[in-house]
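Heads up: the structure comes next, in structure tokens.
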Amino acid sequence: MLRFAGALLTVFLAVPLPKARAQEPKPLPQADERYKVDILAVVAHPDDEAAVTPYLARALDEHRRAAVVFTTRGNSGENQAGAEQAAALGAVREIEARNALSTLGINNVWFLSGKDTASQNVLLSLGHWNHAETLQELVRLVRLTRPEVILAFLPGTFIGEDHGDHQACGVLATEAFDLAGDPTVFPEQVAGPIKRSPLENLRAWQVKKIYFFPDADREDIFKGKGPSYSVKEVSKLGGKPYWRMALDAFRSHQTQAKSYLDRIAQMDEAQIEKMATSDDGWGEDQHYVLGKSVVGGSVTGDIFEGITPGAVAFVRPEIAPEPARPDVSVDLGGPWSFYTEFRRAHGLMNLPHPEPPEIALQAPGSLVIPLWVRNRTAKAQEITISAALPAGWTADNGTGKFTVAARQTAATRVEVNLPAPAEKPSDKTPKKAEPQEVTVRAEANGQVIGEAKLRVELRKRTLPQ
Ligand SMILES: [Zn+2]
């Protein structure tokens, strides 16, 4: 038997194999086209998508494919529709957001694991979210959905709602824009599969453009920094004005806006239109700020100007040089110094930001001014910190003399007590209090080494600093 088998094998090997020679090349699996999009909108909380839904409705008319990423499930805040709180509320809000977007026909909706963090400090949000984990998740989704364009909240701090989570989603979106095209970043995501391994078999993907929408009260500094879109045209697909499609989508957000939605439910069409096109915001043009483009196009041109189908090569972000500083220097710290570094590191030197920096705070209350004091000299330096404050404001802490060791950078903070905002004038016209300027001055050896200025607006209610 064995001999016979051997002989057979010899014959088999000697004869050419016609069947194998005619075999067609086997196609390797391709990326899943169902998830390829033109636009990836990155927002922080369920209901934030309303900031882009009028534009998304327009883009769908133009046969663009859109996906939305929520960086949190919106697991904090009051629940206007039921008793559910915390993680349960987040689960409900995930469904509300999915329902809102499905009214527009957008079902490509994803959630990151960030935790809803109520403050104006982007660094607190990034800390609570586990920055590394959420960034990894977002880079994965960029590689999975392969967007041409990302839209996200503008990474910056302003007088406005100024939600730290909104800012953090802009930070994450920018980082993902710069990293998703680099195959050395999270390389396990782009590695070819091995059986039963965690390797993901995605491909690096360079997004072509990133645009931001600001979460700021002021509009002046954003003018001319990107395209604007009217929301009043009637959608070809939806048969309604874009603002109205956005409002209809928003009706899903019962846990956040039940009382508002109940009021709308009582209105007739004419009343809804009057409300939307007056002071309510639904009828306002949508403004975007161009973050950057790797395919050219003009600043105020259409979002898709310059974009042609197909992948483009990875573009490493340009890093702007570090500003020159004296040997002993003082700068605003916290989110303010972070954003200065962030714009420099991500090629966003044209991104609008208020100068001097600004913040709105609840008063009575306190303002914390974080400072970096740098001493590059070879000896310890005695620094004197003083604060020039509006009448009635007092420095509680952080002024006076202290030393910074040789070649050290020290973090310190000045704490300012804020009085109650001025009463409304008696003529019943509720006038907003103008922001007031605060100046922190640092001196060494009798010389001023630097000043940090802030414009501060006092309000009855804001998110904590
Ligand atoms: Zn939000």
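Bear in mind that the values in this text are calculations on the coordinates, not laboratory data. Predicted model, so just to flag it, every value in this text is computed and none were measured. Glycine gets a Cβ as well: all are built from the backbone with ideal geometry, and neighbour counts include every protein chain shown.
The table below lists the values:
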read-out: Two-decimal Rg to Rh for the chain - Kirkwood Rh, Cα set; value: 1.09
read-out: Residue-averaged 222 nm ellipticity for the chain, from DSSP H runs of 4+ at -39500 (n - 2.57), nearest 500; value: -8500 deg cm²/dmol
read-out: Packing rank of 295-307, 144-156, where each peptide gets the mean count of other beta carbons within 10 Å, highest leading; value: 144-156, 295-307
read-out: Relative packing of peptides 29-41, 210-222, 190-202, 159-171 - highest average C-beta neighbours within 10 Å first; value: 159-171, 210-222, 29-41, 190-202
read-out: Fraction of antiparallel bridges per DSSP, the chain only, in percent to nearest 5; value: 65
read-out: Global form of the stretch 65-144, assessed from the alpha-carbon gyration tensor, a/c cut-off 1.5; value: oblate
read-out: Orientation-averaged projected area, Cα convex hull of the stretch 44-178 (nm²); value: 8.2
read-out: Rough spin-label spacing in nm, given labels placed 7 Å along Cα→Cβ, for A81 and D396; value: 3.9
read-out: Translational diffusion of the stretch 290-431, µm² s⁻¹ [Kirkwood Rh, Cα pairs; Stokes-Einstein; 25 °C; 0.890 mPa s]; value: 127
read-out: Rounded tilt (10° steps) of 164-179 against the dominant C-alpha axis of the chain; value: 40
read-out: Rounded Å value of the spacing that divides the Cα centres of the stretch 302-348 and the stretch 274-298; value: 23
read-out: Out-of-range pairs (alpha-carbon distance over 18 Å; input K208/K236; K208/K292; K236/K258); value: K208/K236; K236/K258
read-out: Neighbour net charge for E233 - beta-carbon separation under 13 angstrom, K R +1, D E -1; value: +2
read-out: Relative packing of peptides 262-268, 374-380 - highest average C-beta neighbours within 10 Å first; value: 374-380, 262-268
read-out: 29 Å Cα-Cα reach of K26 towards lysines, excluding residues that sit fewer than 8 places from it in its own chain; value: K36, K195
